[in-house]
Amino acid sequence: MKFSYYPGCSLHGACRPYDRSLKQVMAALGHELVEVEDWNCCGATVYMSVRETVALSISARNLSLAQSMGHTLMAPCSACYTTLLKTQRYLREVPRLRRDVSEALAEAGLPDDVAVRVRHPLDVIMNEIGLDAVARRVRRRLDGLRVAPYYGCMIVRPEQPFDDRDWPTSMDNLFNGLGAECVYFPDRVRCCGGMLTTTHPEVGEELATNILDCAERNGAEVIVTTCPLCHINLESRPRRAKGARGGTGGGPIPILFFTQLLGIALGIAPEDLDLHRGLTPLGRRLGALAGVGT
């Protein structure tokens, strides 16, 4: 099956391991990603409150390009995913905005058909491909690995949620099904601080630190996330230097994109998952599973 693919700015920049591991995982599962040609920034989440029509127009441009490709659109970045879905809803429900955006698209020579279906890769993997199909392709079971699944505050709270808004379980079901033990993790949808890390760093650091502390208290050996910004905020906390993996004194907890951990289970080579780009050593058990040193 083919999917149109909208990587967004983060996956072509600081979060290339997410881009690379997602492509490797989808290929291993027998599906093809076709990148939207000449895509642009989605406008992120705050721009709509600054220049609404412009923000909707640049987001709608991506939707129009994807619609012409004839495939479901996959958007792995939580901000992009939310923004694209929000754009579709605004254009459905507010005639004035639809008219203005249609005019902007026409100036660019694009149709105003933006009804392409937008999905997150976690949704596709669990609800389209299915856990049984994933399990048949597993080469390294994750037996005993203690995982904290961190969903963040966005992908389960957009316009078309595919999981429970308060207690999502898609990653839990995925990794439990591959042999891991998903630990009790009540902070799974708490905000990581988002862009507050640049505007009010003391607030952002406290929010991210709370999430890391929760994972440590509950014995996690790795945190997996679905969001580029969440990954950056958790990965870069200075206090993680004194953290203790799983509460055992084993060092800071590594932060992986969920596609990287899934890629390990699928037997994908560590260099193809960009595991070497993380700021924190993987630890003995995870490193052994991945086939790399700690």
Residues of the range 189-203 satisfying the condition of being of a type in the set (A, V, I, L, M, F, W, C) and over 15 Å from the mean Cα position of the chain (by Cα): 195, 196, 203
Sole exception among (1) free of Cβ contacts under 8 Å to residues at least 60 places away in the same chain; (2) within 23 Å of the chain's Cα centre (by Cα) for residue 86, by number: (1)
Residues satisfying the stated conditions in the range 196-214, i.e. polar (S, T, N, Q) and either modelled with pLDDT of 85 or more or buried (at least 18 other Cβ atoms within 10 Å of the Cβ) (or both): 197, 209, 210
Selection status of residue 219, surrounded by fewer than 20 Cβ atoms within 10 Å (Cβ to Cβ), out of contact with any Asp or Glu (no Cβ under 8 Å at 6 or more places or on another chain) and on the phi > 0 side of the Ramachandran plot: yes
Within the range 170-180, tally of residues that are polar (S, T, N, Q) and buried (at least 16 other Cβ atoms within 10 Å of the Cβ): 2
Tally, over the range 90-120, of residues that are crowded, with 16+ Cβ neighbours inside 10 Å and either not assigned by TED's automatic domain parsing to the domain that holds residue 38 or not in a helix (DSSP H, G or I) (or both): 7
Selection from the range 30-69 of residues that are at pLDDT below 95 and either part of a loop (DSSP other than H, G, I, E, B) or among the aromatic types (Phe, Trp, Tyr) (or both): 41, 42, 43, 44, 45, 46, 47, 50, 51
Residue 26 in a loop (DSSP other than H, G, I, E, B), among the aliphatic types (A, V, I, L, M), modelled with pLDDT of 95 or more and at negative phi: no
Pick from the range 4-28, criterion among the aliphatic types (A, V, I, L, M) and within 18 Å of the chain's Cα centre (by Cα), ranking: nearest to residue 276 (Cα to Cα): 14
Search result, residues across the range 42-52 that are touching a residue at least 24 places away in the same chain (Cβ under 8 Å) and either assigned by TED's automatic domain parsing to the domain that holds residue 268 or loosely packed, with under 14 Cβ neighbours inside 10 Å (or both): 46
Matching residues in the range 188-226 - criterion: being assigned to a loop (DSSP other than H, G, I, E, B), closer than 17 Å to residue 78 by Cα and not hydrophobic (A, V, I, L, M, F, W, C): 188, 190, 193, 194, 226
Hits in the range 24-37 (condition: under 18 Å from residue 81 (Cα atoms) and either β-branched (Val, Ile, Thr) or surrounded by fewer than 19 Cβ atoms within 10 Å (Cβ to Cβ) (or both)): 34, 35, 36, 37
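The values are calculated or read from the model by the stated rules, or taken from the named source; none is laboratory data. Computed from a prediction, not measured in an experiment: that's the story for all the values here. Don't worry about glycine lacking a Cβ; one is built from the backbone with ideal geometry, like all the others, and counts go over all protein chains shown.
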